[in-house]
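Novice: Pasting a structure here, questions to come.
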Amino acid sequence: MTETPVVSEILQAGLIVHVRIAAEDLSSWEAEDVGYQRRGGTLTVQVVDVLKGRLDVASGATVDLEINERGSASGLVFDFYGIWAHVPTVPGTELVAFCDGTGTDLAEQLTDEHCEQLVEAATVLEDLHLALALDTQRLTADQLIEEASRLRARGGALFARYVWVNIRNAVVESADRFAALMRIAEDPQTTTAAQDAYLMAAYEDATFTESWPAELRERLARAMFRAALDPATPELREPVLGTLIPNLIEAAVPERLSAHEVFGSQADLAEQVRSAPEAAHLHAWLEGDE
Amino acid sequence: METDDTVALLAAAPATAYREYLYRPRGEFAHWIGDQFEIVARPGQPIGQTLQEGDVLLKITLGYMRPGRCTTLTAGDLERVASQPTLPYGQLLLRPRRRVEMSEPLPVEPVVDIDEPNPDRGAAFVQPTITVPDSSVFDEPQPTPPQPTITTKEALVLVRKPYTNPARRRVVLKASHAFNGSGAFTVSKPGLIQFFDAATAGKAVVSGTTFTSDQLIAGVTIFAEGVKASDDVDDVVLRLSLTVDGTRGQSAMQKMTVVELFLDIHQSRTSRGTLPAPLAVAQKLNPGRFVHLQDAGFHHGRAMITVRQPKPADFSGTLELNALDATSPNPRVRLFGATDEIAAAGQVSLGATTKITKRIPPADVRFWVEGAQVSAAQHDSGFQLGIEGIEHDGDRVGLTVVQFSNLQAAIPGTPPHKPRLLNQLPAPHVFTVGPNGFDEDPMLNPPLPLVENSVVGSAPVLLTVTITPAGTPVRWSAQRASGITAASGGDDAASIVALHAAKAPTIRRTPGNDRQATLLANNTGTFHVRPFVDCNGNDIFDHHIDREPNMVLNLVLGRATLFKDHSRQHHDPQLVRTASGEIISPSGTFDIAHPEHAAIHMNAEVDVVTGGADGRRVIGQFFAGWFNNIVAPRLWTLTYTDPGHPVPPHAVPFVFCSNAADAHGPGGEFIPGDLPPKIVDPPILDSARPHPGTGGDSAALVHSQIRNRTPRAVGERWIVEAVDSPGTRPGAIGGTHPVIAAAQLTGVVTQLRFACHLTLWTNLNKQSAPTGHPADRQYAVLERINWQMDGQWTINPATGAITQVTTPATSITSKATTSPAIAVAGTTEEVRPPAAVPLGRKDAQS
């Protein structure tokens, strides 16, 4: 790992724990500040799995949590009101908490002070299992890229960020490795979330550090074009073509990228871009006028 | 000519004959004497020959213009005269030569002027009157003539200047005893000394004034006042000449010197290589020169004092330089030698007084003076130059020892875009310069951090300072810090300096109150903002040239520029039922670690440059966050339809109002019969942080953060990000109309409009959260992202089915960059309360 603007929540967390709500005993909502309401009470949670870090209870144990849930009186949600305000708490709900791991008391870790994220388990478990399984194997960068390729249809954004942070130095120093990663990022078989995460991580690193060689940035741009123009990933089209690619090619430092440099002999890709209505604002660049 | 005739001629003017023969031996008279007489003995010579009757003895009183005597020795005189081993001075022994007749007539010359300054040499002829004594001079009893005297304690007087008050010198004219006549007082050089009959004021006593015998017996005291300097020492001769019985009597003489002393105090320097210019005479006492009270850290400058060569140049008396309060146990000023311009440890002060024993060279003698005690009033301190033991007040200069204190900057804060609901700004933050307020080092004198351009001209930072004594004129200036040691972060990098053509931020004195000024944040880097006393009239603080009295407020102005914006929408709004059957409208999560799960991810790379060689001076006191505003009055609008009266349906919008307490519906809605909602117009702050809009990041989205701060060659690059996923909780949407029970939810329209601002501020306490430290309410904005969420659905009351009418969308509609950041004040951004969510209510009055 190295200094990178991209962070992996899996690597950052000191404790990742999977729990299930076993019982809910909460009061009715009461007015708090003007416009806000609050309810409190006891949630009984069962530890399903400690995915990372240590707790003073084992899997299967139940722990009572005294919680406060906050919300607006009108029911409008415009911002974050605390970890318990944005997840269901009905019994049976499974949650995953990303905590700082500064202690082993689950009740303490599942508070706003120590818990960075509390999300529904289904949204993250697959990524967590994939990443943590790799984490125990102490893989080389090449091996990790190989694994990322093998798991491309399963891993989501968390997994992709985990991979990126671990191999960042290796891919930035090697055009071949970087190309290997970009092949994953532009592969339609890769989950869209992972495509997005790989491309975004590389893009943020390239623009933030301003130290990437042109060859890598050109390769990144091609991967971005391919992912954005894939009919299977329409959600990538507007942000990638509208924001990220213009930022990448127009960055004055180290130097701007020309269409000729980006596409080289790959005229078919250039033609794809030229014919995409969402890339109309890039036509002047494509023709070499900018 | 017969011998008796020649002797008679000598007897007519013996003193003249004596002096002509001895002092002008080539003169005609000397030649004539040589022709008529041979020398028996000269003054001081042994009498080597046997004296003879008929020898002639000329006898005069040296140093006096008296006629002398001419005696022809008789037999009785020979032994007495011959018994002397040598002939006394003032005597000349001649022996007439035997001649038949003279060869030439006796020359005649003018009468000698009594005021002739050198009586011993100023010989002249008078028409001889032959008076041969009847008897021997040694036997004849002589009447004692009245003796005049002129006495004064010191034969010098100082020139009086318009601003000095040297004491007049006392001169006493006297005669030894009564006589019949008068005494005339004369002065050889007019215009150099003026005499008076009193020590102060009085009447003038002019040259030529005569006094009676009685006055002179009693003694006449007159007082000398210097008017103009002598050309040479002793060049003024006072004379008291008596006239006795109608003839000229004896006279007395007193030489005097008029001395003029010159003391200058100098301005502060205007260039390093040039000595500071002296204050003009009109200014050297009032206002004189200002110096600051010196401190233990030697932060303050010294004023140069020079003693110029007195007039006349050959005057060699000992001069004395004294502080006006030199006799005080705690004088306000202290002197240092010529090499001690810059105060430093180990220097030995000369104290408040010093003597100059060596003759002053034409290039003058230099001293430096610093403040030791604060003045109680303007120019109540200073120095006098005098002559030791005679007079203190030969010249003088004025000084005021000042002291700056309590230098403060009041930072007003960013006002509410819409003043309402008691959201006015509290009192400005006050930054007070600390105990090392005279030090330029930002490590010792911590700086005030401000975001460049965060201050607008209509509400500038107000600077104030206290200065003692009252009435000291204060000027204000700012200079870029230079000479800062590497250990303290060094000088601003060249790339920082190059950002602005202007050398420093704008400072303006407050008209009518020079202890106040205003400051703008319109520059980048490290600056010394200071009140100072302008000691050379150029209206600028001559940084690193001199140290005029001053105090230092260090200021760091940080520039924020937008490097890249990567903000993007991720998820569109939905309208769905929960497992328990309730309708909610989610758009994503509030998980900054998973921005891809949010409706929108605000994400920008910001370059921040403050000051110092690395551009990161106190950069830990600079912050940024995403401040979201709701910019449209409606959010969700629910439609309820009464099957019995389907037209028109009942629209129930969410609105922002300030009178939620007037809503009495079962779910807190406004219902018919309630007062109408008092609409709070947008923009409205959208933050769920505690005490939103009270400073710092309290106006930011809860998950707004600076993900990392990465050093660059100069400055840092930050990733500033936030997520937002507006929606509704279960229960907010659904069910039946709060008043018309038969009316059921049949439609939902989402129409949210936002403007999210990338906003910067500072906090001296290094906290992103509001702490009340400067300047956590002074904001600048770097980017504005306009974004929105739209959607429309219908709900089938019978089945509960939700049908999408239009494609829901979260979209960024525009981005506006103001890079480098500009003041929020004057833009449409709202950073003050109230926050939106507490104001939200359903309006079911239609």
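Novice: Report, in debye and to the nearest 20, how large the dipole of the range B:428-547 comes out about its Cα centre when Lys and Arg carry +1 and Asp and Glu carry -1 on their Cβ.
Specialist: Dipole size: approximately 340 debye.
Novice: Along the charge dipole of the protein assembly as shown, Cβ charges K/R +1 and D/E -1, which of B:Val781, B:Gly457, A:Met200 sits furthest on the positive end?
Specialist: Checking the options against the dipole of the protein assembly as shown, the answer is B:Gly457.
Novice: Quick one: plug the Kirkwood hydrodynamic radius of the range B:569-654 (C-alpha pairs) into Stokes-Einstein at 37 °C, 0.692 mPa s, and report D in µm²/s. It would help to have the intermediate numbers written out before the result.
Specialist: On the way: Rh = 17.8 Å.
Estimated diffusion coefficient is 185 µm²/s.
Novice: Rounded to two decimals, what ratio of Rg to Rh does the range B:169-320 give with C-alpha atoms and a Kirkwood Rh?
Specialist: Across the range B:169-320, the Cα-based Rg/Rh ratio is 1.21.
Novice: Tell me, what are the semi-axes, in whole angstrom and largest first, of the equivalent ellipsoid of the range A:91-158 as set by the roots of 5 times the Cα gyration tensor eigenvalues?
Specialist: 28, 15, 9
Novice: Ok, one more. In whole angstrom, how far apart do the alpha carbon centroids of the range B:513-551 and the range A:37-112 sit?
Specialist: Using only Cα atoms, the two centres lie 57 Å from each other.
Novice: Over all distinct Cα pairs, what is the inverse of the mean 1/r for the range B:338-474, reported as the Kirkwood hydrodynamic radius in Å?
Specialist: For the range B:338-474, the Kirkwood estimate is 20.0 Å.
Novice: Restricting things to Cα coordinates, could you compute the convex hull volume per residue of the range B:705-846 in Å³?
Specialist: 175
Novice: Given Cα pairs under 8 Å that are at least 6 residues apart, what percent is the relative contact order of chain B?
Specialist: Relative contact order, chain B: 9 percent.
Novice: Mind pulling up the Rg/Rh value for the range A:72-214? Radius of gyration and Kirkwood radius, both on Cα.
Specialist: We get a ratio of 1.05 for the range A:72-214.
Novice: Continuing with the same structure: How high is the relative contact order of the range B:566-698, in percent, counting Cα pairs under 8 Å that sit 6 or more residues apart?
Specialist: Relative contact order here is 17 percent.
Novice: Take the Cα radius of gyration of the range B:284-417 and divide it by 2.2 N^0.38 Å, with N its residue count; two decimals is plenty. Before the final figure, lay out each step's value.
Specialist: Details: Rg = 18.5 Å, N = 134, 2.2 N^0.38 = 14.1 Å.
Taking N as the residue count of the range B:284-417, the ratio is 1.31.
Novice: Right, something else. Over the Cα atoms of the range B:170-213, what Rg and Dmax result, in angstrom?
Specialist: Cα-based Rg and Dmax for the range B:170-213 come out at 11.7, 32 Å.
Novice: Another question, if that's okay. Distance between Cα centroids, the range B:238-260 to the range B:349-399: provide it in whole Å.
Specialist: 38
Novice: Using alpha carbons only, how many degrees (0 to 90, rounded to 10) separate the axis of helix B:3-12 from the longest principal axis of chain B?
Specialist: 30
Novice: Ratio of alpha-carbon Rg to the 2.2 N^0.38 Å globular estimate for the range B:599-639, to two decimals, please.
Specialist: Working it through for the range B:599-639, the quotient is 2.03.
Novice: Here's something else I'd like to know. From Cα pairs below 8 angstrom and at least 6 apart in sequence, can you work out the relative contact order of the range A:222-290, rounded to a whole percent?
Specialist: This gives 32 percent for the range A:222-290.
Novice: Please give the average number of partner chain Cβ atoms lying within 10 Å of the Cβ of each residue in B:692-702, rounded to a whole number.
Specialist: 1
Novice: Can you sort A:Thr111, A:Thr207 so the residue with the fewest Cβ neighbours within 10 Å comes first?
Specialist: A:Thr111, A:Thr207
Novice: Among B:His664, B:Pro683, B:Pro649, which residue has its Cα positioned farthest towards the positive end of the charge dipole of the range B:620-726, with +1 placed on the Cβ of Lys and Arg, -1 on the Cβ of Asp and Glu, and the dipole taken about the Cα centre?
Specialist: B:Pro683
Novice: Between the range A:200-254 and the range B:156-224, how far is it from one alpha carbon centroid to the other, in angstrom?
Specialist: Each part reduced to its Cα centre gives a spacing of 105 Å.
Novice: Over every pair of different alpha-carbon atoms in the range B:697-740, take the mean of 1/r and invert it; report that Kirkwood radius in Å.
Specialist: Working: mean 1/r = 0.0695 Å⁻¹.
When all Cα pairs of the range B:697-740 are included, the Kirkwood radius is 14.4 Å.
Novice: Would you kindly work out the equivalent ellipsoid of chain B from its C-alpha gyration tensor and give its semi-axes, the square roots of five times the eigenvalues, largest first in whole Å?
Specialist: Those come to 112, 24, 17 Å.
Novice: Which of B:Tyr89, A:Tyr203, A:Tyr198 comes first, and how do the rest follow, when ranked by fewest Cβ neighbours within 10 Å?
Specialist: Lowest to highest Cβ neighbour count: B:Tyr89, A:Tyr203, A:Tyr198.
Novice: Along the charge dipole of the protein assembly as shown, pointing to its positive end and built from +1/-1 on Cβ of Lys, Arg, Asp and Glu, which listed residue (B:Val552, B:Ile39, B:Gln147) has its Cα farthest out?
Specialist: B:Ile39
Novice: Apply the Karplus parameterisation 6.51 cos²θ - 1.76 cosθ + 1.60, with θ equal to phi minus 60°, to every residue of the range B:585-601 and state each ³J(HN,Hα) to the nearest whole Hz, in sequence, with x for glycine and proline.
Specialist: Listing the rounded values in order: 10, x, 9, x, 10, 9, 10, 5, 6, 10, x, 5, 8, 9, 5, 8, 10 Hz.
Novice: What is the diffusion coefficient of the protein assembly as shown in µm²/s, taking the Kirkwood radius over Cα pairs and the Stokes-Einstein relation at 37 °C with a viscosity of 0.692 mPa s?
Specialist: The Stokes-Einstein estimate is 84 µm²/s.
Novice: Starting from the alpha-carbon convex hull of chain A, give the projected area averaged over all orientations, in nm².
Specialist: About 17.6 nm², averaged over all directions.
Bear in mind that the values in this text are calculations on the coordinates, not laboratory data. Because the structure is predicted, anything quoted here is derived from the model rather than measured. A quick note on method: Cβ atoms are made from the backbone with ideal geometry, for glycine too, and the neighbour counts reach across all protein chains shown.
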